[in-house]
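S.K.: Okay, handing you the structure first.
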Amino acid sequence: MTVATAPLTPEHIPLAVQRYDRWFARARRPPSQRSWLADGPVRGEDLVGRLHAVPGLEACRALDGDGNMIGYLAAQPVTLAPDDPAGLRTHPRSALVPYGGHALPGGREAEVLRSLYARIAERLVADRRLVHYVQVPAGEVATAPWADLGFGRELVHGLMAVKARGRQPRGVEGLAIRRAGPGDLPQIGRMAAESSRRQRGTAVFQPQPEAALAALRLRYADALADPRCGAWIASRRGEEIAMVVLVPATPDPVIPESCVELAEAYVEPAARGEGISRVLLATALAWAYDEGHRYMSARWHSASPLAAGHWPAVGFRPVGYRMSRTLDARIGGSPGTF
């Protein structure tokens, strides 16, 4: 069954906000997480209002038989320069449905989304944007309708509670950990770039442009001088073999306040399997707790042989996903000509 659609224009924003908040209340997270996870502070009024001001936004609404809005979809264009570190995880010419970018009616999620996406996707393809992303909270209510359209969970957003010091991981013989500062940018940058470069391999196969990797080497210059951030380097026998970097997390619908983000983590391949990552994480967690943070967030590729097993094992739980769909690059011209 086809659902009627129409443009989403500024006069529809107040109702879209109501629809989003109602949908998100149902979809925000699995029941198993509701006992420990605080809600993110960002709501539909902030998200939808800000989104509608994005240049090039493609947006439409779904209507019931009486012409009332029952859902909407909005996708923003993503265009990245060759040296933008964001291009290490995101296609440089793509489209994103961010948080606040869609809302669906209960019981008709798949049906309504199918009609909305058909209208929006046609415009995106005409603009040669063949990689489509959507940000959703964890849980079947949010992910299943997109999976029905061919979207897969490719980037995981995890969260763990930061608690007072409990049982610490066993030490690693000969390992020394020190706080990193501005003079450590070359070491932090080198390991951050090496960590990212490994996403070229199986089974992530994410392109890693050299210009973006070069920019990543310098990305944490300000963070290393900022007392709100934390970074540590682990060394053994005079060789620096691992690091972690924490930065303040930006609150959103799935990230609560008082949260710090695990921006980078790396252990040299020859030193893996000894517990070095756990020792560094324990150091970072202790600092985060003392600084007043009560949550820590991290992101990882769901297809990564290392990250997809490691981060849940140390305590991170999925609270959101970026799902993606990549269309065949042979598509071109008007529909029906390829």
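S.K.: Could you work out what % of the accessible surface of the stretch 258-314 is carbon and sulfur, using a 1.4 angstrom probe and leaving DNA, RNA and ligands out of the count?
M.R.: In the stretch 258-314, the share of accessible area belonging to carbon and sulfur is 51 percent.
S.K.: In a solvent-free Debye calculation with one equal scatterer on each Cα, what is log10 I(q)/I(0) for the stretch 170-250 at q = 0.15, 0.17, 0.24, 0.25 Å⁻¹, listed in the order of the q values?
M.R.: -0.61, -0.76, -1.12, -1.15
S.K.: Starting from the residue with the highest accessible area, list Thr143, Thr283 in decreasing order, probe 1.4 Å.
M.R.: The ranking, largest first, comes out as Thr283, Thr143.
S.K.: Report the accessible area of Asp66, computed with a 1.4 Å probe over the heavy atoms of all protein chains in place, in Å² rounded to the nearest 10.
M.R.: Rounded to the nearest 10, that gives 130 Å².
S.K.: Calculated from DSSP H runs of 4 or more alone, at -39500 (n - 2.57) each and per residue, what is the 222 nm mean residue ellipticity of the chain, nearest 500?
M.R.: -8000 deg cm²/dmol
S.K.: Considering only protein heavy atoms and a 1.4 Å probe, what is the carbon-and-sulfur percentage of the accessible area of the stretch 83-234?
M.R.: Ligands and nucleic acids excluded, carbon and sulfur give 52 percent.
S.K.: Can you give me the three principal axis dimensions of the stretch 277-338 from its C-alpha atoms, in Å, biggest first?
M.R.: For the stretch 277-338, the Cα extents along the three principal axes come out at 61, 25, 15 Å.
S.K.: At a Förster radius of 35 Å, what calculated FRET efficiency corresponds to the Cβ-Cβ distance of Val54 and Ala164, to the nearest 0.05?
M.R.: With R0 = 35 Å, the Cβ-Cβ based efficiency is 0.25.
S.K.: May I pose another question? Just read off the accessible area of Ile177 with the full protein assembly in place, 1.4 Å probe, to the nearest 10 Å².
M.R.: Roughly 60 Å² of Ile177 is accessible to a 1.4 Å probe.
S.K.: When all alpha-carbon pairs of the stretch 12-144 are counted, what percent fall beyond 25 Å?
M.R.: Everything past 25 Å amounts to 29 percent.
S.K.: Let me ask another. For the stretch 315-324, just list the computed ³J(HN,Hα) in residue order, Karplus coefficients 6.51, -1.76 and 1.60, θ = phi - 60°, integers in Hz, with x standing in for Gly and Pro.
M.R.: 3J(HN,Hα) across the stretch 315-324, in whole Hz: x, 7, 10, x, 10, x, 9, 9, 9, 9.
S.K.: Extent of the chain along each principal axis, from alpha carbon coordinates, in Å, largest to smallest?
M.R.: Principal extents (largest minus smallest coordinate, Cα): 71, 45, 31 Å.
S.K.: Still on this model: Roll a 1.4 Å probe over the protein heavy atoms and report the accessible area of Arg217 in Å², nearest 10.
M.R.: Its heavy atoms expose roughly 90 Å² to the probe.
S.K.: Quote the relative contact order of the stretch 146-260 in percent (integer), defining contacts as alpha-carbon pairs under 8 Å separated by 6+ residues.
M.R.: This gives 25 percent for the stretch 146-260.
S.K.: On average, how much accessible surface per residue is there in the stretch 49-167, in Å², for a 1.4 Å probe, leaving out ligands, DNA and RNA?
M.R.: For the stretch 49-167, the per-residue accessible area is 41 Å².
S.K.: Then there is this: Taking only protein heavy atoms and a 1.4 Å probe, what accessible area per residue, in Å², does the stretch 220-320 have with all protein chains in place?
M.R.: Result: 40 Å² of accessible area for each residue.
The values are calculated or read from the model by the stated rules, or taken from the named source; none is laboratory data. Since this is a predicted model, take the numbers as computed values, not measurements. A quick note on method: Cβ atoms are made from the backbone with ideal geometry, for glycine too, and the neighbour counts reach across all protein chains shown. Side chains are part of the model used for accessible areas, which takes the heavy atoms of the whole protein and leaves out ligands, DNA and RNA. Shrake-Rupley method; radii C 1.70, N 1.55, O 1.52, S 1.80 Å.
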